[in-house]
Structure formats: structure tokens, C-alpha cells
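See structure below.
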Amino acid sequence: MADVNSTRRYVSPLREQSARQTRQAILDAARELFIRQGYVATTIEQIAGRAGVSRPTVFAAAGNKRAILKQLHDIALAGDDQPVPVAERSWYREALREPDPRRSLRLYARNVARVQERYADLHEVLQMAAVADDELGELWQASEDERRTGAGYVIDALLGKGPLKPGLDRDSAVDLLWVFSASDIFRRLVRRRGWTSQRYEQWLAGTFCDQLLPAAPPRP
């Protein structure tokens, strides 16, 4: 017989929803402040004031300043806070599985453009914060390493579909893909020069194809 005196933890959907909303408000406030004035200059008090909560609530709901930036980093890369790695996302897998090499690179350019729209400004924040915080420096380096690893997945997928551009070896192809998809290129063209994300995506797709694949045969 079950113990009738055993206690059960009551989970209130409304309370959970309120907690999620509070955390989101804190993250939104921190993102705005980090991008506008930088990581170092932003304080927990400012984040709390912007989010309309108390300082202890910030720590309870989202953690310290470093933890908040890490969460913003992960959410911006993935597009949400679900515990699903980017490499397992349907939009990422779609680009790898596409059998046509040019179409595959266009899909990858689409993915890069969408990620950079969310992430490029935070990448700059993280890069600057890495100078003052060793742990964030490790996060920045890990992020760059993971991005190059991801470029390797794309190139390996391309090699399974056909040859690369004559004279281009695998490692050089990975380097090119890694460099062209960097956040600072997006920031220069879109944030500073006023390109639309669509124009950036089209340029990136064309650059990927021109630099990585053999010339397309002339149309009859």
C-alpha cells in the first residue's frame, strides 16, 4: 500500500509561466544593455532595473552576469532555449542532407544569415568580454572552435556529393567556410554598411559556391 502520508511536490503551471516570463525579461534586458554599452559596463543593478525586478531576482532566475551572457550566447546560436544541439536542428541537418552541392551551400548560407541576425552583436560583446574574463575567454574560444568544426561537417558533406574546386584541399575549404561565415563580416556589411540580411545571404551563398565548388557548366 502506498504511503498515504507521502508528500508530493506541487507544480503550479502559472508559477512556472511566471518564472519563465521573469527570466525572459531579464535576458532581454541584459541583451539590450550588453549590446548598447558592453559587458563590463553593464551591472546586475542595471539589468534588474531594466527588467523591472529586484537584484536578488536576477540571480535567482538567471544567475550572475557571466551566466546570463552564456545563456544569451546559447539561445542566439540555436534560436531558442530548448536543449537540442545546433547540429541536431532540422534546419542544420537539411543543409547537410541536400544532395545538390550548390543548393546545400545556399541552405547553409541561409542558416548562417539567420544565426548571425540573432548572434553577431552578442559575439562582439563576448569577444570584448573575453579580454576581461578568463572563463568567457574560454567560451569565446570554444565557440570559434565549434564553428570551425561545423564548417568541417559541411565540407565533408560536400565531399560526399562531388569534388571541391580544383586545387582546393579539405582543410583549406574548411578555413574558407569558417572565415566567410564569421560574425564580423556580417556586422561590417549589415550593421555598418546597411546591407539587408537578404543581400548578405545572397552574397554569402554566391561566395561559398564560387570559392568551394568547380565552376558550374554553362547552360545550353
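One table, with the values for the structure above:
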quantity	calculated
Calculated FRET value between Gln17 and Thr57, using beta carbons and R₀ = 22 Å, to 0.05	0.90
Rounded to 10°, Cα long-axis angle of helix 197-212 versus longest principal axis of the chain	50 degrees
For the stretch 79-149, the spread of Cα positions along each principal axis, largest first, Å	44, 24, 20
Degrees separating the helix 134-159 axis from the principal Cα axis of the chain, which is the longest one	40 degrees
20 Å Cα-Cα reach of Lys65 towards aspartates and glutamates, excluding residues that sit fewer than 8 places from it in its own chain	Asp28, Glu32, Glu45, Asp74, Asp80, Asp81, Asp121, Glu124, Asp133, Asp134, Glu135, Glu138
Difference of contour (0.36 nm per residue) and Cα-Cα distance, Val179 to Glu45	44.5 nm
For the stretch 13-63, alpha-carbon Rg relative to the globular expectation (2.2 N^0.38 Å, N residues)	1.11
Crossing angle, helix 101-132 versus the chain [Cα axis fit, 0-90 degrees, rounded to tens]	50 degrees
FRET efficiency, Lys70 to Arg103 (Cβ-Cβ, R0 35 Å, nearest 0.05)	0.50
Reciprocal of mean inverse Cα separation for the stretch 31-96 (Kirkwood radius, Å)	13.4 Å
Rg to Rh, two decimals, where the chain supplies the alpha carbon set and Rh follows Kirkwood	1.09
Hz values of 3J(HN,Hα) by residue in the stretch 74-86 - Karplus curve (6.51, -1.76, 1.60), Gly and Pro given as x	5, 5, 5, 5, 8, x, 7, 9, 6, x, 10, x, 4
Listed residues Gln21, Gln127, Gln202, most fluctuating in the chain (Gaussian network, C-alpha, under 10 Å)	Gln21
Net length gained if the chain between Ser197 and Val84 were fully extended (0.36 nm per residue, minus Cα distance)	38.1 nm
Relative contact order (%) - the chain, alpha-carbon pairs under 8 angstrom, separation at least six	20 percent
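Read the figures in this text as sums done on the coordinates, not as results from a lab. Bear in mind the structure is a predicted one, so any value in this text is a computation, not a measurement. Neighbour counts run over all protein chains shown; Cβ positions are idealised from the backbone, glycine included.
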